[in-house]
Amino acid sequence: MQSNFNYLLLMMMATTSLVAGIVENGVVYSDFNLSMPRFRFQMWEDVEPELKELATLMGYTNASWEILRTNGIETLTFYDFQDMKNINKDYKDYVTAVDKSVKNGTAVLETMGFDEDSFDCWMSHWSWYSWSELEFYEINYTFVDLGWNEEKWSSENQSVWPISTFTAWANLTDVEQQAAANLCYLNWTWDGYWFEEFVAESTYINSVEPWLSSTPAPTPAPAPTGGGMGFCFPGSARVTVLLEDNKGLTSNKKMEDLRLGDKIMVQDGTYETVYSFGHYDKDIRSDVFVTITTSNGKSVTLTPNHMIMTANRGTIAASSVRPADSLITSSTTQEELIVTRITKNVMKKGMYAPFTNSGYLVVDDIVVSNYIAVDTTAPVILGGLVSHQWIAHAFNAPHRFYCRIKDCTTETYTEEGLSAWIATPMSVAQWITMESNNNSIIKTIGSIIFVVVGIVFNIMFEENSQQQALIVAAAVLGMMVFAVMTHNNKKKVSM
């Protein structure tokens, strides 16, 4: 019943306004708004030499280019090719055509023009995802419309697979055809046609998606361009957002679609408002990202200096995470997940760092910090008296206070995409870090100044934190007195 309703709704949207999506052969292409990588839907003879050279490295030939999924790599996912030398043994039969010189196949695909969304939908149609991953990304309902469930999806016995798997497009029901379209199938690609039989006549291939129109939707936070230091998550990272009706309904939203004022899940399973983006850059592409994968297959991608919560070592920089460390999920049980793999130099588009009142959020079902560790070589400050998380959160207290008394629905950014609220403190912190590499006195004095300012901010602007701030202040004062006494004793001995 629900599937029929979804289909009827999509059809009504299509007939009332083309903005809802592109209609081809009675189905609507708009459910996930994943744009077609059109460079991949051209005749081999028309492919530019540079692109053809890259495609050849990834095992494409004239034949495998012009019939989708005849190159084995199009069965796998975008990130399965990052380390070709140590590729999963279960994948080796699918990459035999890839040139032996390719070390990072994902980087080659990225250079060709693919990203995770376009490859995993339009090429592999999410066929290599586990059922739990399909549920997490809210794609499973589309497979359900095709007759799949978790038991069938996990089975290698084709006799239990849904009949739609072996059915020609023309014989699929209307609901099944729409589900296949939502998985980025055209009727011709579902049936395995050669490009020459449909590329020239396809409405979809020869049009532009409505969501890529020249009139963008208004957003409360302007998105600057440019590079700069990254401390954030890519645009494809996902957060759980509480819908505006506040009736407990949630949606899974990409970071690039997140807006100021959205309520997102934080570490204890509750929801807090995004009052700022420490970094907001939708256009940058960078390979600085790190992907941390855990024992149950969950993974999170972030920049190396961004902090992540661990059960065994506190909140530390992603670059400090090691295999066997324990990450924490967003569940109310705060389940611990063991780190099994760390992948460096991951190419991603966009950099976003949403700020919440608690200083934490949940990204891809894993608890992470809002902030970075400015000095990743020192996991703690002043001998462990305070953490990088405490310092960063304290310095944002004035901003949080301002947003409690004023509606923060817009903010400005530097050319590097940094929020104007944090750009100056960040520059000072970076200067102290660089200077302290050769001068321990500057490092100590700078750290004390930052702690003291943090204490002042906490007392002045933070709710219910005076007691904690006073305890830290007393500890800092004690350390300063101890340092002075030690210094005087050394002077007396030397005399």
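The values are calculated or read from the model by the stated rules, or taken from the named source; none is laboratory data. A quick note: this is a predicted structure, and the numbers were derived from the prediction, not measured. Glycine also receives a Cβ, built like all others from the backbone with ideal geometry; neighbour counts cover every protein chain displayed.
A few points about this structure:
- Beta carbons closer than 9 Å, at least 6 apart along the sequence or on distinct chains, pair a first residue in region 31-46 that is modelled with pLDDT of 90 or more with a second that is among the basic types (Lys, Arg) and surrounded by fewer than 19 Cβ atoms within 10 Å (Cβ to Cβ) for TRP44/LYS52.
- Among residues of region 131-159 being within 23 Å of the chain's Cα centre (by Cα) and hydroxyl-bearing (Ser, Thr, Tyr), the one that is farthest from GLU176 (Cα to Cα) is SER132.
- Those helices (runs of 4 or more DSSP H) lying entirely in region 138-215 with at least 1 residues among the aromatic types (Phe, Trp, Tyr): 140-145, 150-154, 187-191
- Within region 155-179, tally of residues that are in contact (Cβ under 8 Å) with a residue 24 or more places away in the chain and exposed (fewer than 10 other Cβ atoms within 10 Å of the Cβ): 0
- ALA392 assigned by TED's automatic domain parsing to the domain that holds SER276, of a type in the set (Gly, Ala, Ser), buried (at least 20 other Cβ atoms within 10 Å of the Cβ) and modelled with pLDDT of 80 or more: yes
- Of all the listed residues (LYS263, LYS282, LYS253), the sole one being touching a Ser or Thr at 6+ places or on another chain (Cβ under 6 Å) and among the basic types (Lys, Arg) is LYS263.
- Of the residues making up region 120-151, those that are among the charged types (D, E, K, R) and either buried (at least 17 other Cβ atoms within 10 Å of the Cβ) or touching a residue at least 40 places away in the same chain (Cβ under 8 Å) (or both) are ASP120, GLU133, GLU138, ASP145.
- Residue that is farthest from ASN140 (Cα to Cα) [pool: residues in region 237-281 that are small (Gly, Ala, Ser) and modelled with pLDDT under 90]: GLY269
- Condition check for PHE5: of a type outside the set (Val, Ile, Thr), at pLDDT below 90 and either in a helix (DSSP H, G or I) or touching a Phe, Trp or Tyr at 6+ places or on another chain (Cβ under 8 Å) (or both): yes
This table checks each residue for (1) touching a Gly at 6+ places or on another chain (Cβ under 6 Å); (2) farther than 20 Å from THR301 by Cβ; (3) of a type in the set (Ser, Thr, Tyr).
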site: ASN71; (1), (2), (3): yes, yes, no
site: PHE78; (1), (2), (3): no, no, no
site: SER101; (1), (2), (3): no, yes, yes
site: GLY105; (1), (2), (3): no, no, no
site: GLU110; (1), (2), (3): no, no, no
site: TYR141; (1), (2), (3): no, yes, yes
site: TRP161; (1), (2), (3): no, yes, no
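- Tallying residues that are over 22 Å from ASP117 (Cβ atoms) and either among the aliphatic types (A, V, I, L, M) or exposed (fewer than 13 other Cβ atoms within 10 Å of the Cβ) (or both) within region 61-83 yields 3.
- Taking region 83-107 as the range and being under 23 Å from the mean Cα position of the chain (by Cα) and closer than 22 Å to LEU51 by Cβ as the test, the residues that pass are MET84, ASN104, GLY105, THR106, ALA107.
- Residue in region 16-23 that is at pLDDT 60 or above, in the same structural domain as GLU110 (by TED's automatic domain parsing), at negative phi and surrounded by 14 or more Cβ atoms within 10 Å (Cβ to Cβ) present: yes
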